[in-house]
Structures are given as C-alpha cells and as structure tokens.
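Engineer: Okay, here's the structure, questions in a sec.
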Amino acid sequence: MTLLSALGPGDPMIRVEGITKYYLGATVLDGVTLDIPSGSNLGLMGPGGAGKSLLLKIIAGLVEPDQGRVLVDGHDVGTLDAHKLAQLRFNIGMVFQNYALFDSMNVGENIAFPLRQRGGVPEEEIQARVREQLALVGLPGIAHQYPRELSGGMKKRVSFCRAVIPAPPLLFYDDPTAGLDPVTSSKIFIHLRRMQQDGGTTAITISHDIDGIKPICDRFALLDHGRLVFHGTRDEIEASDDRLVRQFWDGFSDD
Amino acid sequence: MSQPAQPGLAGRFLSAIGEPVVYTWREVTGVARMAALVFQYMLRGKIRWDAVAAQMYEIGNKSIVFITFTLGFLGMILVFQAGFQAEKITGDLQLLGALFLQILLREFAPTITALMIATRVGTGIAAEIGSMVVTEQVDAMRMNSAPPVEYLVVPRFIAGTIMMVVLVIYAVLVCYLAGMFTGLYAFNVNPHTFVNFAFVSVLDVAVCLVKALAYGMAIPLVASHTGLRTHGGSAGVGWATTQSVVSCSLSVVILDFILSGLSYPLLAAAG
Ligand SMILES: Nc1ncnc2c1ncn2[C@@H]1O[C@H](COP(=O)(O)OP(=O)(O)OP(=O)(O)O)[C@@H](O)[C@H]1O
Ligand SMILES: [Mg+2]
C-alpha cells in the first residue's frame with residue numbers, strides 16, 4: 001500500500017524549494033531550488049563535499065533542512081506523519097554512497113528486505129527475483145554470502161539490487177557505479193536506463209562518472225560548496241559558459 | 001546584540017555547569033520519549049521474538065563469565081572484610097551469613113551486576129547501533145519503512161530486561177556461595193550457621209528484583225539512545241561507546257539512589 005499522489009497537472013514529481021542547511025557553523029547547502037519532472041532522470045554533479053549526498057538525504061526526508069521544503073509526489077516531506085512518510089518511502093528506492101548493507105543479513109536477505117517489508121510477495125517469487133537481480137549485475141550465486149565477505153564494488157552492486165528490486169517509481173542513486181570496472185559500470189547504467197524507459201521512473205543520479213551519466217540523464221545539476229551553480233536540460237548545459245560547468249561537462253581543467 | 005569576546009569567570013562557571021545540565025536534560029527527555037515509543041510498539045504486538053532470542057543469547061554469552069568472576073571475588077572480599085572487622089569488635093560471627101545475604105539482595109547483587117552489564121552490554125549496544133548509523137544502515141531501514149526503534153531497540157529492551165533479572169539471580173547465588181566458602185575457610189564458620197535467612201524477608205527479594213527490572217530496562221534504553229544519536233563517522237562510534245558507559249552507569253547509580261530511598265521506609269516498617 002502506497003501513498004496516493006498529490007500532484008496537480010503539470011506539477012514536478014520532486015520540488016526542492018530553498019533548501020538551506022547549516023553544519024558546525026558552516027552553510028553546507030545554500031538555498032537550493034530545483035524541480036524534477038515526472039519521468040526524468042536528474043544527473044547531480046559536483047566536487048567532493050559539495051553537499052550532493054546531503055541534498056539527496058534531505059529530499060528523502062532522512063535529514064531535516066534548516067530552511068526550505070521538499071515536495072515529493074506533491075507531499076511536503078517535512079510535515080508528513082511517520083505512517084504517511086513510511087508509505088511514501090515505499091515508492092522510493094535508494095542506493096547509498098556507503099552501500100548501507102545490513103551486516104547482520106546475508107546478500108539474499110539484504111536484497112529481499114524491501115520486498116518483505118512491503119509484504120504480499122510469495123516467498124518463491126522473492127527468491128526468484130533476488131536471483132534475477134543478482135544475475136543482472138553480474139553477481140550470480142552470492143546470495144548466501146555476508147556483506148563483510150564482499151569487495152566495495154560488489155557491495156555497491158548488491159546495494160543497487162536492493163534499491164531496484166521492488167521496482168519503485170522513484171529512484172535515488174548516490175554514486176551507483178563508484179568502485180566498479182568500466183564494463184560492469186556500463187551494465188549498471190544500461191540497466192538503469194532500461195528501467196526508466198520501460199517503467200517511467202523518476203530518478204536522481206549522483207555520479208562522478210560524467211561520461212557515464214551523459215547518455216542516461218535528461219537533466220543535469222551542478223552543486224558547488226552547497227550552491228546550485230547550474231540546473232537545466234542537456235541543451236542548456238551544453239550551451240552554458242559557466243567555467244565550472246564547462247570543466248565538469250567537458251572533463252578537463254584549464255588551470 | 002554584541003557579545004564579549006571572552007566570557008568572564010562567572011560566565012565560564014555558568015556555562016561549565018549549564019552545558020552538562022542541558023545535555024542531561026536532553027538525554028533524559030530523549031530516553032523518556034524513546035521508552036514511550038518502545039512501549040507503544042510492544043502494546044501493538046510489534047515484537048520480533050527471533051531478534052529478542054538472539055539478543056538474549058548475546059547478552060548471556062557476553063556476561064556470564066564476567067559476572068561469575070566479579071561477583072565471586074566480590075563475595076569473597078566482602079565476607080572477608082566483614083568477618084575481619086566483626087572478629088576484632090565482637091568476635092561473634094554467628095550472623096555473618098545472615099547479614100551478608102541481606103545486603104547482597106538489597107544492594108550488591110543488583111547494583112554491581114547492573115554496573116557490569118552497563119560496561120559490557122551497554123557499550124556493545126551503543127557501538128553496534130552507532131556503527132549502523134554511521135554506515136547508513138539505519139537510514140536504509142528508514143527508507144524501507146522499518147522503524148529503527150521497532151527493529152533495533154525493542155528486541156534489545158526486552159532481552160536486556162529479562163536477562164538482567166536472570167543474571168542478578170545468578171549473581172546472588174555465585175556471590176553467596178563464594179561468601180560461604182570464605183566464611184568456612186577464613187573464619188571457620190560452618191555453612192549451616194552461614195546459611196541463615198533470619199534477616200531476609202519477601203520484601204528484600206522484591207527490592208532485589210525491582211532494582212534488577214529497573215536497571216534492565218534503563219541500560220538498553222540509554223545505550224540505544226546514545227547509539228542512535230551517533231554522528232560523524234567512526235570517531236562518532238567511539239564517542240557513543242564512551243558516552244554510553246558514563247550515561248548507563250550514572251543511570252544505574254541514580255536509580256539505585258531513588259529505589260533505595262523509596263524502599264527504605266518499607267523495609268524499616270517491616271523490621
Ligand atoms: N547529516 C548531516 N547534517 C548536516 N551536515 C551534514 C550531514 N552529513 C554531512 N554533512 C555535511 O555536508 C557537507 C557535504 O557533504 P556530502 O556528503 O553531501 O558531500 P558530497 O557532495 O556527497 O561529496 P562526495 O562527492 O565526496 O560524496 C559536508 O561538509 C558534511 O560535513
Ligand atoms: Mg556524497
């Protein structure tokens with residue numbers, strides 16, 4: 001059971017309004033405002049420490065902003081009660097930067113967790129879907145292993161499986177291909193694009209692999225020191241003459 | 001409003017007092033709110049018994065040897081010291097065992113056991129939950145609508161409470177037996193004389209169990225609360241672990257003070 005959409009016609013799936021966050025006397029997010037239309041995939045770029053992961057957590061309602069608000073599917077994330085927030089989150093799959101796999105569960109149980117939480121899926125189907133997901137990311141037969149036995153790249157892929165297995169309409173990826181070889185990396189990106197084309201998912205993809213996200217995202221945003229330097233479509237980013245945008249997009253540094 | 005760059009002596013004194021007071025207040029209200037949540041989940045039957053069993057096993061496994069040793073040695077030391085003093089003053093050791101059992105039930109067994117559990121189990125809970133926070137596992141739970149209090153705190157709370165009562169009863173036995181052998185070998189007090197229930201009433205047993213229950217509920221709550229408030233990477237886990245020992249031990253001592261104060265009139269009235 002999920003929360004009913006509260007979107008009006010033409011409303012964006014995700015609306016971020018003036019998000020500001022202070023941390024230890026510093027402004028780590030500074031009035032970030034952006035819209036993500038339904039069915040689009042936003043590529044979120046920026047140097048390390050720019051606040052990308054933090055922004056994603058604020059959008060997911062995991063961290064409270066000091067100013068501003070976030071609307072997801074028309075619901076103000078900050079004012080939903082615990083029950084409604086839980087229902088809204090059944091619509092969201094999330095890959096965490098640090099994998100966030102449950103140490104106490106094996107790979108299979110980790111990936112099955114979102115399905116078991118949502119309920120209503122028979123056990124054989126859960127098992128079949130876990131196997132299918134693992135095969136898709138090139139890790140067949142590791143369901144019985146524990147996260148501590150896996151490499152960083154393997155954990156990232158398991159984390160990816162766990163996020164996408166319930167086929168949620170919203171997907172948040174925090175660096176989904178970090179630590180992966182180029183072949184596996186492109187497999188993940190292709191899988192990601194297929195889900196979007198077939199399922200019409202709305203996604204935010206944080207990545208340092210700009211060439212990797214160029215073909216899969218249709219909107220791009222660049223965050224620097226907590227400020228949104230750029231936000232727009234592919235055509236707009238290609239036309240932008242902002243120096244940092246050019247450096248990120250063209251992939252070189254001119255100083 | 002402009003602020004003086006350097007606060008005066010009075011200012012520094014006040015902030016030195018104020019900071020811990022504010023911290024303690026926030027801690028106490030936070031733990032109280034969490035306790036309310038835990039009871040809500042329990043009343044709604046949201047108890048994962050497999051997790052409770054795993055936690056009980058873990059607590060028992062971690063503590064049994066530790067408690068056997070500390071309470072065993074403590075029993076020997078207490079009886080030796082008491083016997084030594086009594087021998088000098090009255091020379092009469094008839095009531096040694098009876099008095100020992102009374103103080104053991106009212107005070108030593110529950111409180112020392114709880115202090116041991118606070119260091120052994122409390123730190124474990126804080127470190128475990130704290131590292132789940134910094135590795136984003138708790139965020140992942142929340143994203144899958146698995147409330148951390150229901151999944152992590154409720155099982156530890158139930159297991160901690162049950163195991164504390166069990167371990168306190170075990171501690172009484174160990175400590176008493178160790179005391180009895182010390183009486184026999186150090187002072188030649190016959191076990192028949194040592195085992196004497198004259199000074200022990202149902203009320204003493206009740207005080208012992210009520211204290212065990214109170215500590216058993218407080219330690220997992222305080223430790224879990226500290227763990228869930230961890231932030232800032234692995235250094236944060238270190239902070240949570242240390243903070244948990246301090247907060248858990250402090251809550252044991254304060255609860256002891258309150259419960260002893262409340263039970264004293266009852267014990268006095270009963271003779
Ligand atoms: N829960 C939080 N509350 C407030 N501030 C936070 C929180 N978590 C992280 N920060 C701060 O936000 C800043 C940005 O961190 P963040 O992890 O979002 O960077 P990032 O853009 O994801 O970097 P990277 O590319 O290295 O992953 C950091 O200075 C960090 O200290
Ligand atoms: Mg990040």
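The values are calculated or read from the model by the stated rules, or taken from the named source; none is laboratory data. No experiment lies behind these values; they were computed from the predicted model shown. So basically every Cβ, Gly included, is an ideal-geometry build from the backbone, and we count neighbours across all protein chains shown.
Engineer: Is it true that some residue in the range B:164-180 is surrounded by 24 or more Cβ atoms within 10 Å (Cβ to Cβ), under 16 Å from B:Gly75 (Cβ atoms) and not aliphatic (A, V, I, L, M)?
Structural biologist: Taking the range B:164-180 as the starting set, the residues that turn out to be surrounded by 24 or more Cβ atoms within 10 Å (Cβ to Cβ) are B:164, B:167-168, B:171, B:175, B:179.
Okay, now just the ones that are also under 16 Å from B:Gly75 (Cβ atoms), so B:167-168, B:171, B:175, B:179.
Narrowing further to those that are not aliphatic (A, V, I, L, M): B:175, B:179.
Yes: one or more hits.
Engineer: Which of the residues that make up the range A:39-55 are crowded, with 22+ Cβ neighbours inside 10 Å and in contact with a Gly (Cβ under 6 Å, 6 or more places away or on another chain)?
Structural biologist: A:Gly51, A:Lys52
Engineer: In this structure, does A:Leu192 turn out to be under 21 Å from A:Ala50 (Cα atoms) and surrounded by 20 or more Cβ atoms within 10 Å (Cβ to Cβ)?
Structural biologist: no
Engineer: Residues A:Leu222, A:Leu228, A:Leu180: which one is surrounded by 14 or more Cβ atoms within 10 Å (Cβ to Cβ), at pLDDT 95 or above, among the hydrophobic types (A, V, I, L, M, F, W, C) and out of contact with any Phe, Trp or Tyr (no Cβ under 9 Å at 6 or more places or on another chain)?
Structural biologist: Result of the check over A:Leu222, A:Leu228, A:Leu180: A:Leu228.
Engineer: Looking at (1) under 30 Å from A:Ala82 (Cα atoms); (2) in contact with a Cys (Cβ under 8 Å, 6 or more places away or on another chain), which one does B:Gly75 not meet, given that it meets all the others?
Structural biologist: It fails just one condition, (1).
Engineer: Also, I was wondering about something else. Looking only at the range A:56-85, count how many residues are of a type in the set (Gly, Ala, Ser) and crowded, with 20+ Cβ neighbours inside 10 Å. It would help to see each step written out before you state the result.
Structural biologist: Taking the range A:56-85 first, the residues of a type in the set (Gly, Ala, Ser) are A:60-61, A:68, A:74, A:78, A:82.
With crowded, with 20+ Cβ neighbours inside 10 Å added as a condition, the list becomes A:60-61.
Here the count works out to 2.
Engineer: Right, next: Is it true that A:Gly39 is out of contact with any helix residue (DSSP H, G or I) (no Cβ under 8 Å at 6 or more places or on another chain) and more than 27 Å from A:Leu150 (Cα to Cα)?
Structural biologist: The answer is no for A:Gly39.
Engineer: Could you grab me the full set of residues in the range B:27-71 that are part of a helix (DSSP H, G or I), loosely packed, with under 14 Cβ neighbours inside 10 Å and of a type outside the set (A, V, I, L, M, F, W, C)?
Structural biologist: Passing the criteria: B:Thr29, B:Arg33, B:Gln40, B:Asp50, B:Tyr57, B:Asn61.
Engineer: For the range A:49-89, give me each residue that is away from chain B (no Cβ under 14 Å), assigned to a loop (DSSP other than H, G, I, E, B) and in contact (Cβ under 8 Å) with a residue 12 or more places away in the chain.
Structural biologist: Matches in the range A:49-89: A:Ala50, A:Gly51, A:Pro65, A:Asp66, A:Asp73, A:Gly74, A:Gly78.
Engineer: Quick one: which helices (runs of 4 or more DSSP H) sit completely within the range B:86-143 and have at least 2 residues that are in contact with a Leu (Cβ under 9 Å, 6 or more places away or on another chain), crowded, with 21+ Cβ neighbours inside 10 Å and within 14 Å of chain A (Cβ to nearest Cβ)? Spell out the reasoning first.
Structural biologist: Numbers: elements: B:96-103, B:109-117, B:123-134, B:137-143.
In the range B:86-143, the matching helices (runs of 4 or more DSSP H) lie at B:123-134, B:137-143.
Engineer: All but one of (1) of a type in the set (D, E, K, R); (2) touching a helix residue (DSSP H, G or I) at 6+ places or on another chain (Cβ under 8 Å); (3) closer than 23 Å to A:His225 by Cα hold for A:Asp66; which doesn't?
Structural biologist: Checking A:Asp66 against (1) of a type in the set (D, E, K, R); (2) touching a helix residue (DSSP H, G or I) at 6+ places or on another chain (Cβ under 8 Å); (3) closer than 23 Å to A:His225 by Cα, the one that fails is (2).
Engineer: Here's a check for you: in the range A:61-111, which residue that is of a type in the set (Phe, Trp, Tyr) and within 16 Å of ligand 1 (Cβ to nearest atom) is nearest to A:Gly179 (Cα to Cα)?
Structural biologist: Here is the first cut: in the range A:61-111, the ones of a type in the set (Phe, Trp, Tyr) are A:90, A:96, A:99, A:102.
Of the ones still in play, those that are also within 16 Å of ligand 1 (Cβ to nearest atom) are A:96, A:99.
Values: A:Phe96: 13, A:Tyr99: 11 Å.
Per the criteria, the residue is A:Tyr99.
Engineer: Here is a list of conditions, (1) under 17 Å from the mean Cα position of the chain (by Cα); (2) surrounded by 18 or more Cβ atoms within 10 Å (Cβ to Cβ); (3) not in a loop (DSSP other than H, G, I, E, B), and A:Asp35 meets all of them except one; can you say which number that is?
Structural biologist: A:Asp35 satisfies every listed condition except (2).
Engineer: Residue check: is A:Leu24 within 16 Å of ligand 1 (Cβ to nearest atom), surrounded by fewer than 19 Cβ atoms within 10 Å (Cβ to Cβ) and of a type in the set (A, V, I, L, M)?
Structural biologist: Against the criterion (within 16 Å of ligand 1 (Cβ to nearest atom), surrounded by fewer than 19 Cβ atoms within 10 Å (Cβ to Cβ) and of a type in the set (A, V, I, L, M)), A:Leu24 qualifies.
Engineer: Residues that are within 14 Å of chain B (Cβ to nearest Cβ) and among the basic types (Lys, Arg): list the helices (runs of 4 or more DSSP H) wholly contained in the range A:102-199 that include at least 3 such residues.
Structural biologist: Ranges flagged: A:152-164.
Engineer: Has the range A:2-21 got at least one residue that is out of contact with any Leu (no Cβ under 9 Å at 6 or more places or on another chain), within 16 Å of ligand 2 (Cβ to nearest atom), over 25 Å from B:Glu128 (Cα atoms) and not in a loop (DSSP other than H, G, I, E, B)?
Structural biologist: No: the range A:2-21 contains no residue that is out of contact with any Leu (no Cβ under 9 Å at 6 or more places or on another chain), within 16 Å of ligand 2 (Cβ to nearest atom), over 25 Å from B:Glu128 (Cα atoms) and not in a loop (DSSP other than H, G, I, E, B).
Engineer: Kindly provide the set of residues from the range A:28-48 that are within 16 Å of ligand 2 (Cβ to nearest atom), on the phi < 0 side of the Ramachandran plot and more than 14 Å from chain B (Cβ to nearest Cβ), ordered by number.
Structural biologist: A:Leu29, A:Val32, A:Leu42, A:Gly43, A:Leu44, A:Met45, A:Pro47, A:Gly48
Engineer: So A:Gly212 clears everything in (1) more than 14 Å from chain B (Cβ to nearest Cβ); (2) within 16 Å of ligand 1 (Cβ to nearest atom); (3) part of a strand (DSSP E or B) except one condition, right? Which one?
Structural biologist: (3)
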